[in-house]
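Have a look at the structure below before the remarks.
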Amino acid sequence: MSEQNLFAVMRGIVLDEFAAIVPGLAPELLARIEVTPTKDATHGDMACNAAMIAARPAGKNPRELAAALVERLAARQEILRAEAAGPGFVNLTLAPGLLLAQIPVILAEAENYGRGASRHQKINVEYVSANPTGPLHVGHCRGAVVGDALANLLGKAGYEVTKEFYVNDAGAQVIALARSVYVRYLEALKLSTEAYIETVPGGMQYGGAYLIPVGAALARQYGDAFAETPERNWLPVFRDFAVARMLELVKEDLAALGVVHDVFSSERALVEGGGVARGLQSLRDKGLIYRGILEPPKGKTPEDWEPREQELFRATGFGDDVDRPIGKSDGSFTYFANDIAYHADKMARGFAAMIDVWGADHGGYVKRMQAAVKALAGNESARLDIVLCQIVRVMKDGEPVRMSKRAGTFVELRDLIDEVGPDAVRFIMLMRKSDAQMDFDLNAAVAQTRENPVFYVQYAHARCRSVLRAAPPVHAGADLASLTAPEELALIRRLITWPRLVEQAAESREPHRVAFFLFELAGDFHALWNAGRDNTALRFLQADKPAESAARIALVAATAIVLRSGLAVLGVTPVEEMR
């Protein structure tokens, strides 16, 4: 039995035996039958809900069905013990040989252990997508880590993943950037800026010191050619130059975090290339755009509402609360219209499955965007998932860290990386579900204790490697029968959940579950390590017991493999030794 996902194997066995008890169950009902890890190890290795799922359709008592299933499963050689529990669950304790047989599977598969078979499905994960107006800050950091880990996780689960960054370079923010850079340009020429700043709509919006070298570079390239010319002459030049420089800065910040995108899509290129008109035309062709007047919204008035007749998208037909405007009174498109076009472009590139990672402040935008994708897809299948990331507070010595070295108003991503390193940033950002607010404690991030999760997990891998460096070569065919201690079996039980966790976390779009798994796996290994200190019979290397040593070396090697596999998903380095 070489199937990696032992839970899938056992589910197949359960379905086979259950079919003899309750034949002819509908496929949609069978799909709800699960075999999952037990919450309490004293209840066995796995639990099954088959009797509870089928009781009502079969017209039978769930406890009676559970008892009948127990009788059949108990006769299987793969199962040591089957017991009915609660209102109709069945708990399974696997035969020890079946558990132990997974260690050679892990050793043979190496880091491919847990990798799903190819699904032959393309999926686009878009994340970060920050306005190209300055360096990335801690708010962007969480989305970057979550998006990158999610993309890695989906790749591990068998999807064909494209990592994408949407460059918002078509809106008013890049005009404001160009004007702010112009001030830095004048400063570089030693010219007065006061009169110009007074004329800038909204003032100098981006006043961070990070624009000083951009202004200086423009002064070197153009001299004073734009010093006393109308804005229309220099604005396109300064906008394009500044956006390009800011995008370089963003890419450098992301690279320092280990994040590299496959595709950078330009909003301006999409608009200027007629993409918005094409995207909206597909909705017009389906009769989904009409002229009308929206009722004034209750509560806070959104910026895209106007009390006039305008073109509206029939979003309510696809799950949204109200229909949505696609054009402004000045003739320009709304942001939503551009976003419709962008997702239509993704779909035209062959992505029927898309994931957008957004800040939690965009939560009110979810329904309308998902409605647009449903409308664009028509009769074709398309899925847009939105992963929301809540804010992060950076803390040090119990106090919030507020200021940036260059921007003056926020904590920059690069400052955080310089303070604690990219591994700590990535792992700790994934130790909470993305839609939960979190405090990033700088003190804990550099501590060499269990309170620092990345240290705790990396230390487990380093300990594995220290054993393997001192041991004879791993023997995949070693006799594993001596692995009977509770600490050893607990570790094996954790290892075998990895393939299932990859599949489940990918489907639920929850990469934080990988971080939790690794933390628990590290805890199991540290517990076994500490048990060997107190009980010499549990030590990994024993010169007078070569068979037992070989079995434990195989277990340590399997543990190191799964730790590396999980850390690769998170984008964290599996260190060889701690210093």
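The values are calculated or read from the model by the stated rules, or taken from the named source; none is laboratory data. Predicted, not measured: the structure shown is a model, and the values here were computed from it. Please note: Cβ atoms are built from the backbone with ideal geometry, for glycine as well, and neighbour counts cover all protein chains shown. Side chains are part of the model used for accessible areas, which takes the heavy atoms of the whole protein and leaves out ligands, DNA and RNA. Shrake-Rupley method; radii C 1.70, N 1.55, O 1.52, S 1.80 Å.
Residues S192, S180: which one is open to solvent by less than 10 Å² (accessible area, probe 1.4 Å), among the polar types (S, T, N, Q) and either in a loop (DSSP other than H, G, I, E, B) or closer than 30 Å to W234 by Cα (or both)?
It is S180.
With respect to the numbered conditions (1) assigned to a helix (DSSP H, G or I); (2) buried (at least 22 other Cβ atoms within 10 Å of the Cβ); (3) of a type outside the set (F, W, Y); (4) in contact with a helix residue (DSSP H, G or I) (Cβ under 8 Å, 6 or more places away or on another chain), which one is the sole condition not fulfilled by D169?
(1)
Among the listed residues L107, L69, identify the single one that is among the hydrophobic types (A, V, I, L, M, F, W, C) and over 30 Å from the mean Cα position of the chain (by Cα). Give the steps one after another, and end with the answer.
Working: L107 fails: over 30 Å from the mean Cα position of the chain (by Cα).
Going through L107, L69 in turn, the sole match is L69.
R533 versus (1) more than 17 Å from L154 (Cα to Cα); (2) open to solvent by 50 Å² or more (accessible area, probe 1.4 Å); (3) at pLDDT 95 or above: which is the lone unmet condition?
Tallying (1) more than 17 Å from L154 (Cα to Cα); (2) open to solvent by 50 Å² or more (accessible area, probe 1.4 Å); (3) at pLDDT 95 or above, R533 fails exactly one: (3).
Only one of these is touching a Lys or Arg at 6+ places or on another chain (Cβ under 7 Å) and open to solvent by 40 Å² or more (accessible area, probe 1.4 Å): A84, A67. Name it.
A84
Restricting attention to the range 558-578, which residues are open to solvent by 10 Å² or more (accessible area, probe 1.4 Å) and either over 19 Å from the mean Cα position of the chain (by Cα) or closer than 14 Å to L468 by Cβ (or both)?
Within the range 558-578, I561, R564, P574, V575, E576, E577, M578 qualify.
Return only the number of the condition from (1) polar (S, T, N, Q); (2) under 30 Å from S118 (Cα atoms); (3) surrounded by 21 or more Cβ atoms within 10 Å (Cβ to Cβ) that N452 does not satisfy.
Failed condition: (2).
Does R81 satisfy being outside any helix (DSSP H, G or I) and within 32 Å of the chain's Cα centre (by Cα)?
So R81 fails the test.
Can you give me the ranges of the helices (runs of 4 or more DSSP H) entirely in the range 261-367 with at least 1 residues that are without any contact (Cβ under 8 Å) to a residue 40 or more places away in the chain, open to solvent by 50 Å² or more (accessible area, probe 1.4 Å) and farther than 27 Å from N124 by Cβ?
Where helices (runs of 4 or more DSSP H) fall fully within the range 261-367, none carries at least 1 residues being without any contact (Cβ under 8 Å) to a residue 40 or more places away in the chain, open to solvent by 50 Å² or more (accessible area, probe 1.4 Å) and farther than 27 Å from N124 by Cβ.
Among the residues of the range 494-508, write down those that are open to solvent by 20 Å² or more (accessible area, probe 1.4 Å) and either at pLDDT below 95 or under 20 Å from I428 (Cβ atoms) (or both).
L501
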